[in-house]
Structure formats: C-alpha cells, structure tokens
1. Taking square-rooted eigenvalues a ≥ b ≥ c of the alpha carbon gyration tensor, is the chain rounded, prolate or oblate, where a/c under 1.5 means rounded and, failing that, a/b exceeding b/c means prolate?
2. Where does helix 370-382 land angle-wise versus the long Cα axis of the chain, in degrees 0 to 90, nearest 10?
3. Can you give me the % of accessible surface on segment 54-201 that is carbon or sulfur? Probe 1.4 Å, all protein chains present, nothing else counted.
4. List the trypsin sites (Lys or Arg not before Pro) within segment 260-304 that fall in a DSSP loop (any state other than H, G, I, E or B) and whose Cβ has at most 14 other Cβ atoms within 10 Å.
5. Segment 284-323 to segment 247-278: how many Å between their Cα centroids?
6. As a test of reading the structure, rank GLU5, GLU321, GLU15 by solvent-accessible area (1.4 Å probe, protein chains only), most first.
7. Give me D for segment 138-263 in µm² s⁻¹, whole number, from Stokes-Einstein with Rh from the Kirkwood sum over alpha-carbon pairs, 4 °C and 1.567 mPa s.
8. Under 10 °C and 1.306 mPa s, how fast does segment 37-117 diffuse according to Stokes-Einstein, given a Kirkwood radius computed over C-alpha pairs? Answer in µm²/s, whole number.
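The values are calculated or read from the model by the stated rules, or taken from the named source; none is laboratory data. The structure displayed is predicted, hence computed values, not measured ones. Note: ideal-geometry Cβ built from the backbone for every residue, glycine included; neighbour counts use all protein chains shown. These accessible areas exclude ligands, DNA and RNA; they are computed on the full protein's heavy atoms, side chains included. Shrake-Rupley method; radii C 1.70, N 1.55, O 1.52, S 1.80 Å.
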Amino acid sequence: MAVYEINGGKKLYGEYAVQRSKNSTLAIMCASVLTRGETFIDSCPDISDVNTLGAILTSLGARVVRDSRGLFIDTRNIYSTNLPEGLCSRLRASLFLVGPLLGRFGNVTFHGTGGCSIGSRPIDIHIDGLKALGAAVGEGDDKLIFSAAATKGEKITLKFPSVGATENVMMCAALSDGTTVIENCAAEPEIKDLQDYLNLCGAKIFGAGGGTITVEGVKKLHGGVEYCPIPDRIESGSVLLAVMATGGEVLINNVARENISKLTEKIINNTCKITVYNDKIYIHAKERPNGFGTLVTSPYPGFATDLHPQLIACGAVADGETIVKETVFDCRFKYVDELKRFGADVCVDGQTVRTVGRELHGAAADATDLRGGMALVIAALAAKGASRIGEIRHIERGYENLHKKLSLLGADIVRREDET
Ligand code: UD1
C-alpha cells in the first residue's frame, strides 16, 4: 500500500499543468463501445480509474493500448456483454457501460458498481431511463439483466439531474430508433464533452450543457476518431485551494475558466490575487485566506460537490468560518474525522460541515475517498510538520502523478510503498 509523506508549511511556486477530465474520459471510454471502431483519447489521464475501465473493456473483447500520447481503444471485437463483477466493483463509471452495451447488443448483465463511498448511490434513475427506452430489467442472483430487442426513442424526465443516468440514457438513445428527449438532465460540462465526442462519431445529439437533451437515433456510429477531453475542472479547483491554503504564486495551465467560475467567483474577493485567463489561472496568495462563508453544493452550474472536501480543508486554515451544505450526496463526510487528526476545528451537523480556521499540525491520516483524500493532502501541505497519508489508492483513482506535480511546485511530498 502506497502512502504520501508530506512535510508541510511550504509555499507553492511555479506552473502546474492540469490533466484532462477524469469524468469525461470515463464517459467517452464507455461511449466508444457504440462505435464498433477505433477511438484515440488524446492526453488521456494516467489514473487508476481509467486503467480499471480499460481492463473492463478488455475483458469484454476490446483492445485497449496506452502510449505516451494517450489511450487507443478498438471496440470492433467486443463479444461479451457480461460486465465483470470484481473489476466493476472498483468504480462507479462501470455502470455507464450499461447504456452503450444495451444500445449496441440489446443485452447486458450487470453485477453492481463501486466508486467512492460517499452516500447510498442508488441506480433507480438509470434503470427508469433505460426502461423508458424499451429495456426489460430482470433480476438474477446478485445481478441485473437488461435486455431489449430494439430500443426506441422516448420523452424522459429524470426525477433528479443525475450525471451518470443522463450519460447512460444519452448513449443508449444514440443508437435507438427515433428521437429521445431527456428533460431535467444533468448539465455538467463533461456531458457536453460526451455529446461532442459522440457527434464526431456520427451521432445526432443536441442540447447537452442545458436542461434538455435531444438525441436523434442513428443506425450506426463510426470509429476512426481522435478526441481530446476537456480539462479536469475538479483538479483545477483542488490546486487553487491548495495554493490558497499554503500561500504562494502559481500559474495553473490547461483550465476551462467557464467550468470553475463558481469557485473563482468565491475566491476573487478573498485575500489572494487571482487572474483568470482563457485557459489558465494565475494565483498569488500572500496572506492567510479568509473563511469562505456558506456554500451549498448542487448540480452544475452550482458549486461542485467534488470540490466540497477540498474547500473545507482550505477553510480549516483560513481566518474565519467556512460552511458547506452538501445536497448532492447524503454521506460525503468520512474525511472529516481524518481532517480532525491535523487539529482542524471541523464538525458535521446533518448535511452541513462547518470549520473555523486555525493552524494545523502534521498527522497520520487515511484517505477515505478520492476528493476527501485530496482534502487531506491540502491539510498536510498547509500544516506545520510531518504528515503521512495512507490509502492513497483513493486519490490515485483521479489525480495523475499528484506527488510529482506538487513537488514541481516546491512541496515536500514523497510517495512511498508502505512496508507495514
Ligand atoms: C458523477 C461523477 C461524480 C460527481 C457526481 C455529481 C463520474 C464518474 N462521477 O457521479 O464525480 O460527484 O456525478 O456531480 O462522472 N442518484 C439516485 N439514483 C440514481 C442515480 C443517482 O438517487 O439512479 C443520486 C445519487 O445517489 C446522488 C445524486 O443522485 O445523491 C447525484 O448522483 P449522480 O449525478 O448520478 O452522480 P454519478 O453519476 O454517480
């Protein structure tokens, strides 16, 4: 088991290159199944979620090859629609293969999904959406069997704008007969990215990024495409918050400014100087940040739930109070007990986390999930003294080479294989 050893209290200086979006990449990898062809994902992040999904695709018969430029996927020879239980239990995005496999083959066997332990994470909205397209859903021993002789376009109103359910329905509808209209869909930028990739392959999808998506089904999609996903907005926000917490001066490259405006709006009036360019953000944090006041997470364009723990970690060293009301996931608070190990004054009341900033000290703590793990890294970077973060496999699901990228900014962070 690998750990990060961090000697905190160092300001960060230099340039930081943000990777391509994890969530876009995972959705595009799933969508490549629909093409019966070759997709090259340019600058595909080298993170364990991508590698696990690659292994799932390989187990179905796809060819998945990484080179220094990105990830090549050939889905022509997929022969199985039986999603492998063990691998799928490691990431939530394995669920996003159900829609494309159903759209292409008319059947899928699904044993369950994994991902961060941040709440109950049911899949009823996915099931309702796929049923509306004509799928029958049968239950076996610990598995669901989706089948449809032919899926048909339909008007579907999601009861909540679930990101994954929007993507699943969109992908299945791409090869369905007729037109599908998805109302109350999620508007996250990664969904527009998925639409752009699918349209490059010949799909006819309109409206992603807004509240209604229209999918005109086509007979087939072609491969032979090269696509570069959008920058990872959650990594951009994580680094901004790390620099605010430690102090320093950093140019963050490869940023889609419009996708993190809810965070930058909140930072702009804080103590640091921040300049937002088209594709980069400059931040100069000379003083201790002020507390952020109250934020409420909500589906895009609201404040991203995936930045909640990192914001609280920065708030834990800020001058004053930071409160986050979590409305998207019902149990995204496991990281809070770990944050307390650094001496943070932080507590949870129902769906609300409150912290009043103070000086933190080094500590040994375990990542409990991906973003909660990043929050511990921020706390350790800002704390005085030595820290050791365990269970970093959670962090490595979504951040490529985090320790190396932070080292380049002058952080004292080492990744070590834990012998104990
Ligand atoms: C995706 C992202 C994740 C992000 C989340 C919200 C990926 C791989 N993951 O996760 O990083 O935090 O969007 O922005 O893209 N829900 C139901 N029934 C369902 C589906 C969802 O009740 O069938 C609930 C969930 O339990 C949760 C809320 O809806 O409370 C949001 O979930 P959803 O938008 O589906 O998140 P994911 O697609 O799993």
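1. Working: a/c = 1.84, a/b = 1.78, b/c = 1.03.
Cα axes put the chain in the prolate bin.
2. 20 degrees
3. Details: 2750 of 5680 Å².
It is 48 percent, rounded to a whole number.
4. Working: sites: LYS262, LYS266, LYS273, LYS280, LYS286; in loops: LYS286.
Passing both the DSSP loop test and the Cβ count: LYS286.
5. Their Cα centres are 13 Å away from one another.
6. Numbers: GLU5 50, GLU321 75, GLU15 115 Å².
Result of the area sort, largest leading: GLU15, GLU321, GLU5.
7. On the way: Rh = 16.7 Å.
In µm²/s, the coefficient is 77.
8. Working: Rh = 12.9 Å.
The diffusion coefficient I find is 123 µm²/s.
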